[in-house]
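Visitor: Questions regarding the structure given below will be posed in turn.
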There are 2 protein chains.
Amino acid sequence: MQDVPLLISRILTHGSTIHGSSQVITWTGEAEPHRRSFAEIGARTAQLAHALRDDLGVRDDDRVATLMWNNAEHVEAYYAIPAMGAILHTLNLRLPPEQLVWIVNHAADRVIVANGSLLPLLAPLLPHLKSVEHVVVSGPGDRSLLDGATVQVHEYEELIAGKPDSYDWPALDERQAAAMCYTSGTTGDPKGVIYSHRSIYLHSMQVNMTQSMGLTDGDTSLVVVPQFHVNAWGLPHAMFMTGVNVLMPDRFLQPAPLAEMIERERPTHAAAVPTIWQGLLAELKGKPRDVSSLTQVTIGGSACPPALMTAFDELGMRVCHAWGMTETSPLGTIARPPAQVEVGSDEEFAYRLTQGRFPAGVEPRLTGPGGERLPWDGESAGELEVRGPWIAGAYYGGQGAEVLRPDDKFSEDGWLKTGDVGTISPDGFLTLTDRAKDVIKSGGEWISSVDLENALMAHPEVAEAAVVAVPDDKWGERPLATVVLKEGASADFDTLRSFLADEGKIAKWQLPERWTIIASVPKTSVGKFDKKVLRRQYAAGELDVTQL
Amino acid sequence: MQDVPLLISRILTHGSTIHGSSQVITWTGEAEPHRRSFAEIGARTAQLAHALRDDLGVRDDDRVATLMWNNAEHVEAYYAIPAMGAILHTLNLRLPPEQLVWIVNHAADRVIVANGSLLPLLAPLLPHLKSVEHVVVSGPGDRSLLDGATVQVHEYEELIAGKPDSYDWPALDERQAAAMCYTSGTTGDPKGVIYSHRSIYLHSMQVNMTQSMGLTDGDTSLVVVPQFHVNAWGLPHAMFMTGVNVLMPDRFLQPAPLAEMIERERPTHAAAVPTIWQGLLAELKGKPRDVSSLTQVTIGGSACPPALMTAFDELGMRVCHAWGMTETSPLGTIARPPAQVEVGSDEEFAYRLTQGRFPAGVEPRLTGPGGERLPWDGESAGELEVRGPWIAGAYYGGQGAEVLRPDDKFSEDGWLKTGDVGTISPDGFLTLTDRAKDVIKSGGEWISSVDLENALMAHPEVAEAAVVAVPDDKWGERPLATVVLKEGASADFDTLRSFLADEGKIAKWQLPERWTIIASVPKTSVGKFDKKVLRRQYAAGELDVTQL
């Protein structure tokens, strides 16, 4: 067979010729959205590459960052930078400024392409960015914010104007770096994940397979998941393979404009995290809109609450869970129930609530508390490890590009340790039950903190509950139940413990002995339970613990 | 990203676990077909690999041939042989015996796995096969035909019985040879095409993409296209990626059993060459059956006549053209009209009559008579050249595995010359107009022999017409029209020439000057016009040619 590399330039050329009439539609907040055909995107991508090379001196594996919303120019950057051989570095505009500075300096970005609307975020950072020589500004926004900056400032449209609209894309090695994205872990410095041309190409094929997102050129996908978040789940690449039209919300991510763009542009598919959809649902309740075009919604990032899934079903939008992480490109699983399961049945709903089924490109295994391999029986819970051509094998470690392969992230034989604990059914559906760092390791067995929390929160007098592992002389670790009672509640710990044991909700050996009442569960900046704080408070003797 | 190779063993493991309950259904001609789950196929594949390695001594890149119909055991051979690292060599049982002998000797096959029903074909060949040490027989058939053979004869079921049902598949290089298939060219010796693990893996992903065959685990595919014919168009591999059930007709390829298996097993998809469907249509007219399950039919090998396409539309079966060749794995194009084209419209039908649209993995270009690149304007006809990771870059040249790269098959920069002449539309749809060897090269321009023939055969008094290139002092080549008139016809050459020119059917400079009446057009063994004979007759002065 011909030794033809799997390159992003090939996806670009295919999409901008064979699917040249498909469109990237960017919401502008004005009467008409902006429409650009794939053919125009292709021509402008070539112009951008010429400008980056000839005017800005981008060479070899230089890092070119983007600080942008989802829009047509961001798609152009997605293609121009890797296709010419450089590395696209998408910056997460939600990160605290000091983390952004750290990341840009760590990646040694030479250029930042930024939306004008994000200059209030970027301008104060510039004095701290050591490697950045050029800022290219696109779209509306106050340019005077960059007055006095020591970098060279360029207007995107002026920069590319008049450049040739084709480019002789180089024949790269498919294993060469194409893009990078930093994970914002809760501990330690952010870690860079490098995507290769090969991994992005294969991932794009997977996204377009029938049992994945399953989109065609008859679809328009509303890409709410940010392009700075794991390549917008692969959609900007996948769409050029099959001609899927995309609707890009730019900075208009609030429920009202999202509802309006759905009504007016009639996308058939959308991709977003659950919180976005919760807001949209509330908006639609207050002000009904025609959202009938939107029949398929891919949800990832965290699990979709069953009630939300049902609410969307009633609107005719079918929610499909997907699971992944920055290290998995991100597509790891997608929850399309087996075809023989009856549509609308309880069995089908149960399949839809799982994280989903593994495709051939993602090989999973479950590792138990003692390092043993666990069976796929839908019951044995272990840490999920994965392997495959679009799964990270290391992290990016600085300008010398040293490879970081920490033990807690990679097994000895090179599999990615996901840090997620769950089960796999015999037919390959993943159900996550906990984070590995939150699971309670008791006497060689694992107890899911999430299961205990959900069971506790089902009690009518419990407002919130968090369960954390605490040291135990006999068992290694045991669960500590921290409970927030509703106002006027009278339940005592014995009652709650019996409630957990009743009807076999929780196995006897998993029931907590240690209990405490707290005023509220400490939360992280994104609203998740911050169990580190509880563990620290317990260790410092700050909690009033009752032992049953 | 992890450096995980794209291997057939990975497809096997995925399909036999995550899609373990999907089925290979083999028609037996008896009351009940034979059903085998993917999980069972997986276990038996491991057993077969153990038997081949331990009992038959298959090692490294040994060639193991199959002489089999489409059935579950052939699927097992498809996986066991490449997954263990050897090379699957599918033998075309329709070839003349002397060609089969030549091919087996050229490939130096050590083992042949054969269906019992094909022993009448195989037994007489054995004395001429130099490298074959073992024959493994599967399924019904008279074993006594092998009495006295000097090879070792094994029963498939006895050979695999009791072997371990798992196998530690080796970590191969993805570019290693996995399978081979010989093309039966009309001139010269057959040429071997080698498929790598990588090419088969990527091709399988493509087959499963939405805009390709687009099948899911809710489908059952009737695979009429033989497994000895370019890997049955990739279906046996693709199905293990997505859990598509397959219905295998074994030796029951006649219209009546095909109609019966469609009615009884209710496949949703089928893949076959047009002649098979023509027979099926006649059968259904004579004896109507419930074939309503079959909504999608992929047709390749040669173009589906429009009338046949319409006839199948009326039955509710939607025909979808695909184009490919042994050298293209075979998926080159597939004719799914763009989504914005109205279903049922003339425009849509025109799209469906093309050979189809190129996927991202197949890069096309058109080369004109002078070697120049032609535009994709739907009008400029040139020889189609293709490039991609599942396109052959050379042929297999014997035991030393020398690489053959003949000039007439590969361009200087390594593209495959398909030998097909056609046009490409701006949106990437291929329309083939002629074979390169039949096109008339006149004054630096090309004249399609097929266009002239079709135009001539539209005349009410013409029964058949073949047009061939003949040498011309001024123009290099000019067309010679050879015409078979209907009984009682009175049209003369001037009338026919005017008919061609009328209403702009044929451009003036393309009109033939040389005409002759013949009794019938010479045909090849498969019923195609044999233009070699006409050219030879002309050269020998055996035709009575009128010059207008």
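Visitor: Can you compute the modelled spin-label distance between A:Lys523 and B:Thr150, with each label point 7 Å from Cα toward Cβ, in nm?
Guide: 8.4
Visitor: Something else about it: Rolling a 1.4 angstrom probe over the protein heavy atoms, how many square angstrom per residue are accessible across region A:438-547?
Guide: 52
Visitor: OK, next. For region A:71-124 and region B:459-531, write down the distance between their C-alpha centroids in whole Å.
Guide: 65
Visitor: Hey, what number do you get for chain B at 222 nm if only DSSP H runs of n ≥ 4 count, each worth -39500 (n - 2.57), divided across all residues, to the nearest 500?
Guide: Theoretical 222 nm ellipticity from helices: -7500 deg cm²/dmol.
Visitor: I would also like to ask the following. Ordered shortest first, which distances in nm separate the 7 Å Cα→C-beta label point of B:Asp377 from those of the other copies?
Guide: Label-point separations across copies, in nm and ascending: 7.0.
Visitor: Please list, in order along region A:54-69, the HN-Hα scalar couplings obtained from phi with the Karplus expression 6.51 cos²θ - 1.76 cosθ + 1.60 (θ = phi - 60°), rounded to whole Hz, x for Gly and Pro.
Guide: Values, residue by residue: 7, 8, 9, x, 5, 9, 6, 9, 3, 8, 10, 8, 10, 10, 9, 7 Hz.
Visitor: How big is the charge dipole of the protein assembly as shown about its Cα centre, in debye rounded to the nearest 20, if each Lys and Arg gets +1 on its Cβ and each Asp and Glu gets -1 on its Cβ?
Guide: Rounded to the nearest 20 debye, it is 480 debye.
Visitor: What does the average come to when, for each residue of peptide B:5-11, you count the partner chain Cβ atoms lying within 10 Å of its Cβ?
Guide: Averaged over the peptide's residues, the number is 2.
Visitor: Other chains near A:386-392: what is the mean number of their Cβ atoms within 10 Å of each residue's Cβ?
Guide: The per-residue average across the peptide is 4.
Visitor: Please list, or write none, the lysines whose alpha carbon is within less than 26 Å of the alpha carbon of A:Lys505, excluding same-chain residues fewer than 8 places away.
Guide: Straight-distance partners of A:Lys505: A:Lys437, A:Lys441, A:Lys474, A:Lys486, A:Lys528, A:Lys531.
Visitor: Could I ask something else about it? Order the peptides B:265-273, B:205-213 from the highest to the lowest mean number of other Cβ atoms within 10 Å of their residues.
Guide: The peptides rank, most packed first, as B:205-213, B:265-273.
Visitor: Another question about this same structure. Amide H to amide H, which residues 5 or more places from B:Val462 or on other chains are under 5 Å from it, using H placed in the peptide plane?
Guide: Here B:Lys486 satisfy the definition.
Visitor: Once the label point is set 7 Å along the Cα-to-beta-carbon vector, what list of distances in nm do you get between A:Lys486 and its counterparts in the other copies?
Guide: The answer, with the shortest distance listed first, is 8.8 nm.
Visitor: Between the chain alone and the structure with every protein chain in place, find the residues of region A:317-357 that drop at least 20 Å² of accessible area; heavy atoms, 1.4 Å probe.
Guide: Residues shielded by partner chains are A:Ala339, A:Gln340, A:Arg357.
Visitor: May I ask you to list the GluC sites (Glu not before Pro) in region A:29-105 that are in a DSSP loop and have at most 11 other Cβ atoms within 10 Å of their Cβ?
Guide: A:Glu30
Visitor: When ligands, DNA and RNA are left out and all protein chains stay put, how many square angstrom of accessible area per residue does region A:49-140 have with a 1.4 Å probe?
Guide: Dividing the accessible area of region A:49-140 by its residue count gives 28 Å².
Visitor: Continuing with this model, one more query. Which chain A residue comes nearest the axis with its C-beta when you rotate A onto B, and by how many angstrom?
Guide: Residue plus distance in Å, as requested: A:Met205, 2.
Visitor: With unit charges on the beta carbons (Lys and Arg positive, Asp and Glu negative) and the dipole taken about the Cα centre of the protein assembly as shown, which residue among A:Pro96, B:Ser22, B:Cys304 sits farthest to the positive side?
Guide: A:Pro96
Visitor: Using θ = phi - 60° and the Karplus relation 6.51 cos²θ - 1.76 cosθ + 1.60, list the HN-Hα couplings for region B:372-389 in order, rounded to whole Hz, with x at every Gly or Pro.
Guide: For region B:372-389, the Karplus-derived couplings read 7, 7, 9, x, 8, 10, x, 10, 6, 9, x, 6, 6, 10, 9, 9, x, x Hz, x marking Gly and Pro.
Visitor: Using +1 at the Cβ of each Lys and Arg and -1 at the Cβ of each Asp and Glu in chain B, identify which of B:Val113, B:Pro406, B:Ala466 lies farthest towards the dipole's positive end.
Guide: Of B:Val113, B:Pro406, B:Ala466, it is B:Val113.
Visitor: Follow-up question, since we're still on this one. Over the protein assembly as shown, with every protein chain in place, what whole percent of the accessible area is carbon and sulfur at 1.4 Å, could you tell me?
Guide: C and S fraction of accessible area: 50 percent.
Visitor: Let me ask something else about it. How much accessible area per residue does region B:209-260 have, counting only protein heavy atoms and a probe of 1.4 Å, in square angstrom?
Guide: 18
Visitor: Mind putting together the pair-distance distribution for the protein assembly as shown? All Cα pairs, 10 Å bins, whole percent per bin, short to long.
Guide: Spelled out bin by bin, the protein assembly as shown gives 2, 9, 17, 21, 20, 15, 9, 5, 2, 1, 0, 0 percent.
Visitor: Follow-up question, since we're still on this one. From the Cα gyration tensor of chain B, with a ≥ b ≥ c the square roots of its eigenvalues, which class applies: rounded if a/c is under 1.5, or else prolate if a/b is larger than b/c, or else oblate?
Guide: Prolate shape, in that a/c is at least 1.5 and a/b is the bigger ratio.
Visitor: Right, another one. Between region A:316-377 and region A:9-42, what's the alpha-carbon centroid distance in Å?
Guide: Cα centres, region A:316-377 to region A:9-42: 32 Å.
Visitor: So how much accessible surface do A and B hide from each other in total, probe 1.4 Å, in square angstrom to the nearest 100?
Guide: Chain pair A/B: roughly 4600 Å² of buried accessible area.
Visitor: Can you pull the one-decimal nm distance between simple spin-label points at B:Gln99 and A:Gln537, each 7 Å off the Cα toward Cβ?
Guide: 8.1
Visitor: Let me know the mean shielding of A:360-367 by other chains, meaning the per-residue number of their Cβ atoms within 10 Å of its Cβ.
Guide: Mean inter-chain Cβ contacts per residue within 10 Å come to 4.
Visitor: I need the inter-copy label distances for A:Pro288: point set 7 Å along Cα to C-beta, values in nm with one decimal, smallest first.
Guide: The projected label point of A:Pro288 is separated from its counterparts by 4.5 nm.
Visitor: Would you be so kind as to list the residues of region A:13-54 that have their accessible area lowered by at least 20 Å² in the full protein complex compared with their chain by itself (1.4 Å probe)?
Guide: A:His14, A:Thr17, A:Ile18, A:His19
Visitor: Counting only C-alpha contacts under 8 Å and six or more residues apart, can you give the relative contact order of chain B as a whole percent?
Guide: Relative contact order here is 10 percent.
Visitor: Let me ask something else about it. What is the set of long-range amide H partners of B:Phe252 at a cut-off below 5 Å, with H atoms built 1.01 Å from backbone N?
Guide: Those qualifying (amide H under 5 Å, at least 5 residues apart or on another chain) number zero.
The values are calculated or read from the model by the stated rules, or taken from the named source; none is laboratory data. This is a predicted model, so every value here is computed, not measured. Glycine also receives a Cβ, built like all others from the backbone with ideal geometry; neighbour counts cover every protein chain displayed. In case anyone asks, the SASA skips ligands and DNA or RNA and just uses the protein heavy atoms, side chains included. Shrake-Rupley method; radii C 1.70, N 1.55, O 1.52, S 1.80 Å.
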